[in-house]
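Chemist: Structure below; questions to follow.
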Amino acid sequence: MAAAAAEQSAAQMLGLDDPEQDDQKVAAASLLSAGARGLKKKMCHKDFFEDQKGLSKVLRTFPSIRFQGKGHEFDDLKVLMRNYERWFKELHPAIDHVEDAAMKARSVLQEKEESPEDGPGKMSDPHEKLHLLRFRYKNDPSLTGATQ
């Protein structure tokens, strides 16, 4: 009997049985469900090789970076690092530091991974995909945004 009274008073203290707070309960539930959707996306080969925000974006946008040249190497390096940081932020917004993103990308791209879109048991080889991307880059001027 005492446990039921303690349980009932806890519900009353929290306002769980108060019908006037139903609208606040709905708002709280929507906030909680919104937080569950914000899970980090796992970094995979598809992000780098098939997504338009991946390495193909680097090939399209980085050639247009203007450097100052000899005597301004430090400033040019800052410009290049800023562009890499911006690219990593677009690719994976959940990673805060460019160093962490680079290390994570390196570890992901050193391993083969199973490719579900190719079928069960098919492996995605990052070295092969990188060679194919390089081949397309060298043979297709439209990939870099260059005009002839």
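Chemist: With the checklist (1) modelled with pLDDT of 65 or more; (2) under 22 Å from Asp96 (Cα atoms) in hand, flag the one item Lys25 doesn't pass.
Modeler: (2)
Chemist: For Glu90, which of the numbered conditions (1) open to solvent by 60 Å² or more (accessible area, probe 1.4 Å); (2) of a type in the set (D, E, K, R); (3) out of contact with any Lys or Arg (no Cβ under 6 Å at 6 or more places or on another chain) fails to hold?
Modeler: Result: Glu90 fails condition (3) only.
Chemist: Filter region 131-147 for residues that are within 24 Å of the chain's Cα centre (by Cα) and either modelled with pLDDT under 70 or at positive phi (or both) and give the result.
Modeler: Leu143, Thr144
Chemist: Still on this structure, I have one more. Which of the numbered conditions does Leu109 fail, given that it passes all the others? Conditions: (1) farther than 21 Å from Arg136 by Cα; (2) surrounded by 11 or more Cβ atoms within 10 Å (Cβ to Cβ); (3) hydrophobic (A, V, I, L, M, F, W, C).
Modeler: (1)
Chemist: Which members of region 50-74 meet the condition of being part of a helix (DSSP H, G or I) and open to solvent by 30 Å² or more (accessible area, probe 1.4 Å)? Steps first, please.
Modeler: So the first thing to find is which residues in region 50-74 are part of a helix (DSSP H, G or I), and the list is 55-64, 73-74.
Result: Leu55, Lys57, Leu59, Arg60, Thr61, Phe62, Pro63, Ser64, Glu73, Phe74.
Chemist: Looking only at region 112-122, count every residue that is surrounded by 12 or more Cβ atoms within 10 Å (Cβ to Cβ) and either assigned to a helix (DSSP H, G or I) or modelled with pLDDT under 85 (or both) and tell me the total.
Modeler: Going residue by residue through region 112-122, those that are surrounded by 12 or more Cβ atoms within 10 Å (Cβ to Cβ) are 112-115.
Narrowing further to those that are either assigned to a helix (DSSP H, G or I) or modelled with pLDDT under 85 (or both): 113-115.
Adding up the residues that qualify gives 3.
The values are calculated or read from the model by the stated rules, or taken from the named source; none is laboratory data. None of these values were measured; they are calculated from a predicted model. Neighbour counts run over all protein chains shown; Cβ positions are idealised from the backbone, glycine included. The protein model used for the area step is the full one, side chains on, heavy atoms only, and it has no ligands, DNA or RNA in it. Shrake-Rupley method; radii C 1.70, N 1.55, O 1.52, S 1.80 Å.
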